[in-house]
Amino acid sequence: MGPADIKKLRKKWKLSQRQLASVLGWSSSTIALYEIGEIPTVGNNRLLNVLIKNPQVMKDFIEEKKNSVDCKIKLNTLEK
């Protein structure tokens, strides 16, 4: 899992770094570090791989967060 993969995932779902971090329960600095080349932990790497390979899982994560105050994701981002 490299920086380009993480950026691609985020852009596919039209999420900012902050929003993706909120959806995953990570800090926005973690996303930023991964996007500039920091190597994800084994657990985080596994999760990112699952989210990339299975869009339904990502959709489920977003649905759980869509109404939170810190992550305002509109329903139209779920139409993939």
Provide the net charge surrounding residue 36, with neighbours chosen by a C-beta distance below 14 Å and charges set as Lys +1, Arg +1, Asp -1, Glu -1.
-1
Carbon + sulfur, % of accessible area of segment 1-50 - ligands and nucleic acids excluded, 1.4 Å:
53 percent
Phi to ³J(HN,Hα) by Karplus 6.51 cos²θ - 1.76 cosθ + 1.60 over segment 30-37, Hz, x for Gly, Pro:
5, 4, 4, 5, 5, 6, 9, x
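The values are calculated or read from the model by the stated rules, or taken from the named source; none is laboratory data. Here the structure is a predicted model, which means the values were calculated and not measured. Virtual Cβ from ideal backbone geometry, glycine too; neighbours counted across all protein chains shown. These area figures cover heavy atoms from the full protein model, side chains too; ligands, DNA and RNA do not enter into them. Shrake-Rupley method; radii C 1.70, N 1.55, O 1.52, S 1.80 Å.
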